[in-house]
1. So what is the accessible area of the chain per residue, in Å², with the probe set to 1.4 Å?
2. Loop-only check: which trypsin sites (Lys or Arg not before Pro) in the range 84-149 are DSSP coil with at most 12 other Cβ within 10 angstrom?
3. Taking 0.36 nm per intervening residue step and subtracting the Cα-Cα distance, what contour gain separates residue 16 from residue 137 on full extension?
4. Using only protein heavy atoms and a 1.4 Å probe, report how much of residue 134 is accessible, in Å² to the nearest 10.
5. Restricting to the chain, what percent of DSSP beta bridges are antiparallel, rounded to 5?
6. Enter the accessible area of residue 152 (Å², nearest 10), with the probe set to 1.4 Å and all protein chains included.
7. Considering only protein heavy atoms and a 1.4 Å probe, what is the carbon-and-sulfur percentage of the accessible area of the range 1-127?
8. For every helix of n ≥ 4 consecutive DSSP H residues, a contribution of -39,500 (n - 2.57) applies; sum these over the chain, divide by its total residues, and give [θ] at 222 nm rounded to the nearest 500 deg cm²/dmol.
Amino acid sequence: TDVIGDRVLAFGHGFYSDGQTQLPMGPAYVHTVVTGILSSFKLSSTLGRTGVLDHDSKVGITGRIGQERKLSMVPMTVALDWKVDGRKQTYRYRIVRHRWLTPMLVSMLLQDAAGAWRNLPEFHTVRYSVDVDFGKLGKYHSANVSSANDVMMAVSDASRPIVAMLTNPLGPAPKLRSVDVKISIEAGETRARAPATRPPSRRPSPHL
């Protein structure tokens, strides 16, 4: 909307209306405008970080140019081990700190990393571990095996604790230090089947 010195005023409406905030800011190249009856939007690509969005109100957002190096981001690593052909890949990201955007980006980037090179085999087994460092509040660790379910269990185990901690109403949100996910993808399914179940008695009784 306007640039006054190193200050930028934009939108004319809120983003999340969070008040004081710390989000990366930068220029974008608009490829085209996608028109619609209900709403239209611009399809664009970022051209790099040049500042920090520091205030998000209902009437607009403001940022400051030249503060991007002071912005603290969350490092995230996704290591993939494709047992089907021996290929290994490691993706490294820097994620914004935000109570909703952080877990959403963790979920999106984890899914994108797993599917960036190729689809998982039709019949597959995924073994994974998730480590989230919450700083002074300690570390979260989860490890599991899933079959014929893509990487959705890994996505859930990575994003759920972050959502819980960043939106906890009982105290200040912790400063998330890092997110590390290791995924091993094998061909073939690993399943167990329960052929039958029987209750211990035909007349159930309550346990006090």
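1. Numbers: 13870 Å² over 208 residues.
Accessible area per residue, the chain: 67 Å².
2. Working: sites: 87, 88, 92, 94, 97, 99, 118, 127, 136, 139; in loops: 97, 99, 118.
Of the trypsin sites (Lys or Arg not before Pro), the ones in loops of the range 84-149 whose Cβ has at most 12 other Cβ atoms within 10 Å are 118.
3. Working: separation 121, 0.36 × 121 = 43.56 nm, distance 2.69 nm.
Extra length from residue 16 to residue 137 when fully extended: 40.9 nm.
4. Approximately 10 Å² for this residue.
5. Values: 52 of 59 bridges.
Once the DSSP bridges in the chain are tallied, antiparallel ones form about 90 percent.
6. We get 80 Å² for residue 152.
7. On the way: 4450 of 8060 Å².
In the range 1-127, the share of accessible area belonging to carbon and sulfur is 55 percent.
8. Numbers: 2 runs with 30 residues, N = 208.
When only DSSP H runs of four or more count, the value is -4500 deg cm²/dmol.
The values are calculated or read from the model by the stated rules, or taken from the named source; none is laboratory data. All of these numbers come straight from a predicted model, not from anything done at the bench. All Cβ positions, glycine included, derive from the backbone under ideal geometry; neighbour counts span all protein chains shown. Only protein heavy atoms, including side chains, enter the accessible area calculation; ligands, DNA and RNA are left aside. Shrake-Rupley method; radii C 1.70, N 1.55, O 1.52, S 1.80 Å.
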